[in-house]
Structure formats: structure tokens, C-alpha cells
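Comments concern the structure below.
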Amino acid sequence: MSSSMEEVVETLPQHTCSWLKGKITMHKYQDFWTSKQLLVGGILAQQSFKAEPSDVLLCSAPKTGTTWLKSLAFAIVTREKYDESATPLLTKLVHECVPFLERQVEEIEGNRKNSSLPLVATHLPYASLPNSVAASNCKIVYIYRNIKDVIVSNYHFRREAMKLSMEDAPFEEAFEEFCQGISSYGPYWDHILGYWKASLETPERILFLKYEDLKRKPTSNVKRLAEFIGHPFSVNEEKAGVVDNIIKLCSFENLSNLEVNKTGKPEGGSLENRLYYRKAEDGDWKNYFTDEMKEKIDKLTDEKLGHTGLVLK
Ligand code: A3P
């Protein structure tokens, strides 16, 4: 990191997560919170990412279905290149197949000439996307999820990443922090709102997908996704079961049981692949929330998103 960038980051509001035993400090930049490393990567991306009209940005807040969306989009756009039994999704964590803007902008730009993969993933809020994204008019797919399940998913992911037991990482504190808007790329409500407003202004450019809808109606939503990103399924492909095969390939049951996702770790990375595959259960929040917590989140969600018609409770 350049010293000037370091200096800028040090001047920003900071918050040390006490429930993570002080192991993580978040910084607030352009109204969102994130770790120093991701923030620096995000600023670098704002300065150097040159989106092209053919790019497809896969956008999400953490723990809302990023891994699933990336797997589906990758399987859709590479279905002619790879035979089902030879897709890299079987041997690599999907985060190694689809680049992440805040960590890999230099690689993305450096590979432009050699790579035909149009996909780039990011957690940046809409307002903080590099200017080239709007200028290029490239497509954006946004996935969102029931806030209560996001809170639980976020709790376990960050706790396990820091190697803390549940006894050592009080859920109540993680919950309060999330409610205060201090979550990775949070406040989560603002993250959704930013993309939601943009999707109303330019619906042809932004597809909104709900994690729970994708689960309940995978076929129609996967077809929607494929069409939106410019890789629609032909009638013959549908008849041949290509849509169903992609859904099965990318299912939690399949991907979470692959050896690479059970025991693997990306080269040079510190997080185990299994952390991206926990339970994938709708309503797991019921095992953690008190009645008061439920009321608090419902109230906050009504206040912040009630007018949108988005159902997140
Ligand atoms: P849980 O913690 O509730 O199990 P992200 O990919 O944005 O980090 O989100 C992770 C969440 O998505 C985790 O939720 C994880 O289990 C779930 N997930 C990962 N792969 C999935 C898949 N193929 N289908 C459905 N859910 C998936």
C-alpha cells in the first residue's frame, strides 16, 4: 500500500469489533464500512478499473449469496467451453474462477486481452462503484437476502475466520453492531437501497435477484439470469436438460460436498474454502434471535426499506 493511501485510510472513522476480540478494525469510507485491506483495494479499483460494455458485474453485500451467484454465472457463460465433468467449479473454489474487484483489479485489467470471461464480482456499494461502470453501461446483477439470515451467516463467517468459538464471540454483540450499520460493506440496508434505486432508474442495466427466490424457483431465475447476462439458453439446450444440470452443478448440496470446498484453501489465502459453505438454510436466524432482536430488525427494515416493496424480513 502506498504511504499516501495508508495516511488517507488512517484519517477515516474506525471501529474495532469487540465481539471479535479486537482482531478486526473496520474503516468508514463513502458511507460504508470495511476492513483496511478491502478498502484500499476498493479505492484502487475506483481509480483503475476500466469497465467495458461487455462486462457483467456480480454485486452483493457479503453473505447474501455471492458464492452461489458467481457459480451460476460462471457455469452459464462457460457452458460451451467446459464439459460438465471438466468445469473448474469441480476443482477450484469459485472465488478463484471469478475475480473479485477489490482484490484483483490489476489482474483483471492485465488479463483483459487474454480473458474472455466477462464476469467481475464486487461488494462495493452502488454509489462507490468505479465511474467507468456507469459510463460503460455494462450489466449488473445484484443478489440480496433476508437480513436476519445475513446477520447469522455473517456472524459465523467472521467468527470462524478469526478462529473464535461461539462462547468467545457473543452473538448479541455482533447483532448490535450489525444494527448500527457496522458490517462488512454495511449498513446492509443502504447497500440494498443503492442498487434498488439504480435498478429503478435503469432496469435494463441491473437485475435484482433474491437468494430465497433463487432457491424456490431456480429454473425461471437461472433462465432470467442467463438471458440478462447475454447467454440465454436455446430451446434445444432446455430440452437437453442444460438448465437443470447447471442448477444441480451449482447447488449447495453438490458444491459443498466437493473435496476442494470441504478441505481446500486458495493459494496464498488464509480462509478455508469451507467457510463459504455453511448451511444455506432459510430461517436459520430463528435458532439465534430473541423476540426482541426480531422486533428490532423488523422495525429497522420497515423504516429503511418499507417504501421499496422489497421483502426482507
Ligand atoms: P449460510 O451461512 O446461511 O449457510 P456469500 O457467498 O455471499 O458469502 O454467502 C454465503 C452464504 O451462502 C452461506 O449461507 C452459504 O452457506 C450460502 N451458500 C454458498 N453456496 C451456496 C449455494 N450453492 N447455494 C445456496 N447457498 C449457498
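The values are calculated or read from the model by the stated rules, or taken from the named source; none is laboratory data. What you see is a predicted model, and the numbers here were worked out from it, not measured in a lab. FYI the Cβ positions are ideal-geometry reconstructions off the backbone, even for glycines, and counts take in every protein chain you see. The protein model used for the area step is the full one, side chains on, heavy atoms only, and it has no ligands, DNA or RNA in it. Shrake-Rupley method; radii C 1.70, N 1.55, O 1.52, S 1.80 Å.
Listed values, structure above:
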item: In the range 76-94, the residues that are within 15 Å of the ligand (Cβ to nearest atom) and either modelled with pLDDT under 95 or open to solvent by 40 Å² or more (accessible area, probe 1.4 Å) (or both); result: L90, K92
item: Positions within the range 34-78 being closer than 24 Å to S132 by Cβ and among the aromatic types (F, W, Y), in sequence order; result: F49, F74
item: The range 285-313, subset open to solvent by 90 Å² or more (accessible area, probe 1.4 Å) and in a loop (DSSP other than H, G, I, E, B), residue farthest from the ligand (Cβ to nearest atom); result: V311
item: Those helices (runs of 4 or more DSSP H) lying entirely in the range 205-251 with at least 1 residues within 15 Å of the ligand (Cβ to nearest atom) and of a type in the set (S, T, N, Q); result: 218-228, 242-249
item: Close pairs (7 angstrom Cβ cut-off, 6 or more residues apart or separate chains): closer than 12 Å to E96 by Cα in the range 254-269, more than 11 Å from the ligand (Cβ to nearest atom) anywhere; result: V260/T91; V260/K92; K265/E272; P266/E96
item: Scope the range 113-134; condition open to solvent by 10 Å² or more (accessible area, probe 1.4 Å) and under 22 Å from T64 (Cα atoms); matching residues; result: P118, H123, P125, Y126, A127, L129
item: Boolean, S270 is at pLDDT below 95 and among the hydroxyl-bearing types (S, T, Y); result: yes
item: Enumeration of residues in the range 52-75 that are open to solvent by less than 10 Å² (accessible area, probe 1.4 Å) and either away from the ligand (no atom under 14 Å from the Cβ) or modelled with pLDDT under 95 (or both); result: D55, V56, L57
item: Selected residue (only one of K92, K70, K36 is more than 27 Å from E281 (Cβ to Cβ) and charged (D, E, K, R)); result: K36
item: Among residues of the range 252-284, those that are within 8 Å of the ligand (Cβ to nearest atom), surrounded by 14 or more Cβ atoms within 10 Å (Cβ to Cβ) and over 19 Å from T87 (Cβ atoms), counted; result: 4
